[in-house]
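Reviewing the structure listed below.
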Amino acid sequence: MKKLILALAVLVSLSAAAQRSQDKKKMDAFITNLMKKMTIEEKIGQLNLVTPGGGIATGAVVSSNVEAKIKEGKVGGLFGVHGPEKVRQAQDFAVKQTRMKIPLLFGSDVIHGYKTIFPIPLGLSASWDMALIERSARIAALESTANGLNWNFSPMVDIARDPRWGRVAEGAGEDPYLGSQIARAMVRGYQGDDMTKPTTMMACVKHFILYGAAEAGRDYNTTDMSRIKMFNEYLPPYKAAIDAGVGSVMSSFNDIDAVPATGNKWVLTDLLRGRWGFDGFVVSDYTSVNEMIAHGMGDLQAVSALALKAGLDMDMVGEGFLTTLPKSLKEGKVTEKEIDQSCRRILEAKYKLGLFDDPYRYIDTSRPAKEILTADTRKAAREIAARSFVLLKNNNQVLPLKKSGTIALVGPLANNKNNMLGTWAVSGDPQTSIPLLEGMKNVAGNGVNIIYAKGANITNDTLLAKKVNVFGTRIDIDKRSPEEMLKEAVEAARKADVVVAAVGEASEMSGESSSRSDITLPESQKKLVRALVQTGKPVVLVMMSGRPLALEEENELTTAMLQTWHAGSEAGNAIADVLFGDYNPSGKLTATFPRNVGQVPIYYSQRTTGRPATSEEFKKFQSNYLDVPNSPLFPFGYGLSYTTFSYGDVKLNKNSMKPNEAITATVTLTNTGKYDGEEVVQLYIRDVVCSITRPVKELKGFQKVFLKAGESKEVSFKITAEDLKFYNSELNYVAEPGDFKVFIGTSSQEVKEADFKLQ
Ligand code: NOJ
């Protein structure tokens, strides 16, 4: 029977492969035929991506004369154009008024939802729930395609280990294994199993490569990294997206080995296409071709030629390709073959989206009203947001709150629609979001008396407010004096049984071009927290931020802290669901929270040193600090629940395995508390003896397990040689025989361990 099933499976996959190869032949023939008729100018036109601006610009310059350029066949794709009517109008220009009638791509940054906004990606990742993340991407694709879009500049999979970098908000945190799972889930969510469906869109993995490793956490800054670190720690999520079939890749702004990614042949051709076999197209980041002039790589003609020859196919906004490639071709600086190759890749993407069959495939005026920001998508946003929150602290089990008595709800983010959506919600409307005050009233019902006071401005620094308010008012400095606001909040606190303080960052204090050198709460809010604590009432902090903040003082002072990121359209309802215990929090951190910024870059999987610290106390001649322990404030994988979980010892079914065998590691997990709840059980591995230095621990598996109060369950993980592989000094992906440790636990720090050998 088994053999029969196997034989059938082989047959099915053979026939699927045969079908794929036939489809490819058909596509190749179609495109070859089309390209035969195209002039060189028309081919170069396909390589041009423009944005007419309007709405929220995502870069410093916007394109001009877009309509005329489309009609002249000088545009391959557009972004920043939304809605079936507008998309139809632009598509009409392309398919009715150009000689070749080639349809346009319509792109956008749909980073964590389109109109229904989900938590920022860093928050989404804290759910550790791949089905949920895929669902958020699926809904994002549904809404975007309903509005005429077919191409998404997401997922952003840059590993980020420096919370000063504002774009840490946009990714899945610090870990390559988790990041890879999330990259796959998002690509699946956007592209589905068939890109020609009018409800799926092409994804674009970004920023290729290493954008998250910008020195000093300053955006657009240089990066420098060994190949070993790159391959083992930074590249896996990009590769996972490629392996999942992502249709396009965006090059990053930074340099790699001193050559900007956008003009880096090793990155865009040798690695991406040669080593990984990527067959989609590569788009530059916003004017990143032109920015190679500032990098010192030559004038516009030189940098455009450099980019094309390196393997870049499409030029975002800068028009270096459009304006200089004809001249470079004449002068022999690029070849027709190189232009053809890039043009073909873009035409292939259009073919795969089904645009040659029907350029209006994604245009249906009846869809937006039915599919965008509906009761269902809002419900999903609420559920998903609640699952992204991380309970950092809960002394005296002050949470969940009772649905009775008096609650003082204070803080600049307590009743603030403008900051719920978070960074990179360019299509979302903040006015459609639910602030916390509204959410608490919705969830608590009439039994609770809520007294609201703003208490403080997000910051009193008017200059900072001006820098942050570029896309609209995010920091609103009150007409009242700080003292007056503080007084009102303290009075509210005195009248209450418990204080809930919503504090943190405005949404645009993270995201692109929003690096911070100080990652503590702004002083105005620190003062508020101190004053509230002085009333002697229990203080629950609802933390909203786009990055891990350094919260040592707040952790000392307050009774409870719930990290809620920027939670999206349903923020207020979701936070209230958790505060009042309608949902028991299950999120776990995916980026380490440092004690102070001096510990940065800080991440759990640091490589071994020759002088490891043996305790939290300072010891001379060990790798530690005079003024702060090595440990973070909250480690990767950390997050509490209203219930408690206990872990039994790690049991292995054997202590030694051959490369083609597997070991099963099992723990018994018990819900020892009073609430039903979910726990993310985490598996880490350490390669004890190896030809290169290895991380002290690496995540290699996790399971989200639901247990009723008092219930126990055995949780098992299968470990194979694949989980033990790494890139060695020759960049070969190998598992070396020897000793390994396996750790299973509730965070990267709190684990039980066992040992085994690979023979
Ligand atoms: C620049 C950003 O780096 C990138 O992530 C984004 O997709 C483009 N702008 C387009 O908005």
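The values are calculated or read from the model by the stated rules, or taken from the named source; none is laboratory data. Keep in mind the model is a prediction, meaning the values are calculated, not measured. When we count neighbours, we look across all protein chains shown, and the Cβ atoms used for this are built from the backbone with ideal geometry, even at glycine. Ligands, DNA and RNA are excluded from the accessible area calculation, which covers all protein heavy atoms including side chains. Shrake-Rupley method; radii C 1.70, N 1.55, O 1.52, S 1.80 Å.
Pick out the one residue from F645, F702, F740 that is more than 28 Å from the chain's Cα centre (by Cα), among the aromatic types (F, W, Y), under 30 Å from T564 (Cβ atoms) and crowded, with 16+ Cβ neighbours inside 10 Å.
Every option except F645 fails the conditions.
Looking at A137, A126, can you tell me which residue is buried (at least 24 other Cβ atoms within 10 Å of the Cβ) and closer than 28 Å to K350 by Cα?
A137
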Original post:
Within the range 413-421, is there a residue that is of a type in the set (A, V, I, L, M) and either open to solvent by 30 Å² or more (accessible area, probe 1.4 Å) or outside any loop (DSSP other than H, G, I, E, B) (or both)?
Top reply: no
**OP:** Specify which of the listed residues (D429, D461) is closer than 22 Å to L122 by Cα and out of contact with any Leu (no Cβ under 6 Å at 6 or more places or on another chain).
**Re:** D429
Subject >> Residues satisfying the stated conditions in the range 209-219, i.e. touching a helix residue (DSSP H, G or I) at 6+ places or on another chain (Cβ under 8 Å) and more than 16 Å from the ligand (Cβ to nearest atom) >> reply: none
Original post:
How many of the residues in the range 644-654 are of a type in the set (G, A, S) and not in a strand (DSSP E or B)?
Top reply: 1
**OP:** Please name all residue pairs, on different chains or six or more residues apart, with Cβ atoms under 6 Å, provided the first residue is in the range 312-323 and is closer than 13 Å to G263 by Cα and the second residue is within 16 Å of the ligand (Cβ to nearest atom) and open to solvent by 10 Å² or more (accessible area, probe 1.4 Å).
**Re:** G320/N290
Original post:
Taking the range 648-699 as the region of interest, how many residues are open to solvent by less than 60 Å² (accessible area, probe 1.4 Å), within 29 Å of the chain's Cα centre (by Cα) and among the polar types (S, T, N, Q)?
Top reply: 1
Original post:
Can you find a residue in the range 116-123 that is farther than 30 Å from Y684 by Cα and among the hydroxyl-bearing types (S, T, Y)?
Top reply: yes
Subject >> Yes/no for S366 being within 24 Å of the chain's Cα centre (by Cα), open to solvent by less than 60 Å² (accessible area, probe 1.4 Å), closer than 27 Å to I139 by Cβ and hydroxyl-bearing (S, T, Y) >> reply: no
Original post:
If we scan the range 442-452, do we find a residue that is on the phi > 0 side of the Ramachandran plot, assigned by TED's automatic domain parsing to the domain that holds A576 and surrounded by fewer than 22 Cβ atoms within 10 Å (Cβ to Cβ)?
Top reply: yes
Original post:
Which of the residues belonging to the range 319-345 are assigned to a loop (DSSP other than H, G, I, E, B) and open to solvent by 30 Å² or more (accessible area, probe 1.4 Å)?
Top reply: E331, G332, K333, T335
Original post:
Considering the range 73-123 alone, what residues qualify as being farther than 25 Å from S433 by Cα and among the β-branched types (V, I, T)?
Top reply: V75, V87, V95, T98, I102
Subject >> Residue in the range 142-154 that is within 15 Å of the ligand (Cβ to nearest atom), in a strand (DSSP E or B), more than 30 Å from M225 (Cα to Cα) and modelled with pLDDT of 95 or more present >> reply: yes
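Condition check ((1) among the polar types (S, T, N, Q); (2) over 17 Å from S154 (Cα atoms); (3) within 15 Å of the ligand (Cβ to nearest atom); (4) open to solvent by 10 Å² or more (accessible area, probe 1.4 Å)) across all residues:
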site	(1), (2), (3), (4)
M195	no, no, no, yes
C204	no, no, yes, no
H207	no, no, yes, no
N221	yes, yes, yes, yes
R227	no, yes, no, yes
N232	yes, yes, no, yes
L235	no, no, no, no
Original post:
Of the residues that make up the range 631-643, is at least one outside any loop (DSSP other than H, G, I, E, B) and over 30 Å from G610 (Cα atoms)?
Top reply: yes
